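The values are calculated or read from the model by the stated rules, or taken from the named source; none is laboratory data. What you see is a predicted model, and the numbers here were worked out from it, not measured in a lab. Don't worry about glycine lacking a Cβ; one is built from the backbone with ideal geometry, like all the others, and counts go over all protein chains shown.
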Amino acid sequence: MTDPRPLVGEPLSLDLLNTRWIQDGVRHDLLDTTGGLAVWLRSAGLHEKGDRAALDALRETREILLTLVDDPSAEAADALNGVLAHGSLRYRLERGVPARYPQADDPAWLPAWQAAADYLRLLSDDPARIKACAHPDCVLHFHDATKNGTRRWCSMAVCGNRAKAARHYERTKRPREAPAPR
């Protein structure tokens, strides 16, 4: 099965958020099944086992990340810290090159831990670059990597184009007011 999502390739934490999307007015959730989980793991470049426990951990982490991105709270931060408590990074020197290996107390939590750790990385880099699509009917998130940080849409080809088309429609289809008499 290929990845059906309209936006892929975002940093891992945002890619996890984007496992839910709306297309043609219909809500979709890639993490409805372990088959969808396998698609996401493969798309994200993770080689972990896609079982029910991993699916549950990822769905829980996705909800926590969604809360943190949309409306940060102390409770959501505590919940994310709970996910982070499941894992750590192990460092090694291999052939003169530093290497990092994520590990978890339970293998089912490893993908969720990696997504949570990635969110911390994005926050450390520049939290203002973590954005929700500006289109009111879109639920996708992205990392704004533009030079000036002004990206507004998950995709200019989809949501940006819809917004432009709506503005054009309003300008051209709105009845023109008659000029005021002199």
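At-a-glance table
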| quantity | calculated |
| --- | --- |
| Among the candidates 47, 28, residue that is in contact with a strand residue (DSSP E or B) (Cβ under 6 Å, 6 or more places away or on another chain) and either surrounded by 15 or more Cβ atoms within 10 Å (Cβ to Cβ) or farther than 25 Å from residue 156 by Cβ (or both) | 28 |
| Flag for residue 46 being part of a helix (DSSP H, G or I), on the phi < 0 side of the Ramachandran plot and either in contact with an Asp or Glu (Cβ under 8 Å, 6 or more places away or on another chain) or among the aliphatic types (A, V, I, L, M) (or both) | no |
| Test: residue in region 52-70 that is touching a residue at least 12 places away in the same chain (Cβ under 8 Å), more than 25 Å from residue 3 (Cα to Cα), in a strand (DSSP E or B) and hydrophobic (A, V, I, L, M, F, W, C) | no |
| Selected residue (criterion: modelled with the lowest pLDDT) from residues of region 60-73 that are in contact with a strand residue (DSSP E or B) (Cβ under 9 Å, 6 or more places away or on another chain) and charged (D, E, K, R) | 70 |
| Selection count, region 40-75, where residues are over 16 Å from residue 19 (Cβ atoms) and hydroxyl-bearing (Ser, Thr, Tyr) | 1 |
| Pick from region 128-140, criterion of a type outside the set (A, V, I, L, M) and over 14 Å from the mean Cα position of the chain (by Cα), ranking: surrounded by the most Cβ atoms within 10 Å (Cβ to Cβ) | 135 |
| Test: residue in region 111-123 that is at pLDDT 95 or above, within 26 Å of the chain's Cα centre (by Cα) and assigned to a strand (DSSP E or B) | no |
| Any pair with Cβ under 7 angstrom, 6 or more apart, that starts in region 7-23 at a residue that is free of Cβ contacts under 8 Å to residues at least 40 places away in the same chain and ends at one that is not aliphatic (A, V, I, L, M) | 8/15; 8/43; 23/6 |
| Residue satisfying all of: in region 71-99; in a strand (DSSP E or B) and touching a residue at least 24 places away in the same chain (Cβ under 8 Å); surrounded by the fewest Cβ atoms within 10 Å (Cβ to Cβ) among these | 89 |
| Any hit, region 100-114, residues being loosely packed, with under 12 Cβ neighbours inside 10 Å and either within 20 Å of residue 134 (Cα to Cα) or in contact with a Lys or Arg (Cβ under 9 Å, 6 or more places away or on another chain) (or both) | yes |
| Residue, nearest to residue 114 (Cα to Cα), within region 81-101, restricted to residues that are hydrophobic (A, V, I, L, M, F, W, C) and in contact with a Leu (Cβ under 8 Å, 6 or more places away or on another chain) | 84 |
| Any hit, region 114-125, residues being over 30 Å from residue 51 (Cβ atoms) and touching a Cys at 6+ places or on another chain (Cβ under 7 Å) | no |
| Counted residues, region 115-127 - those being touching a residue at least 24 places away in the same chain (Cβ under 8 Å) and either exposed (fewer than 15 other Cβ atoms within 10 Å of the Cβ) or of a type in the set (Ser, Thr, Tyr) (or both) | 3 |
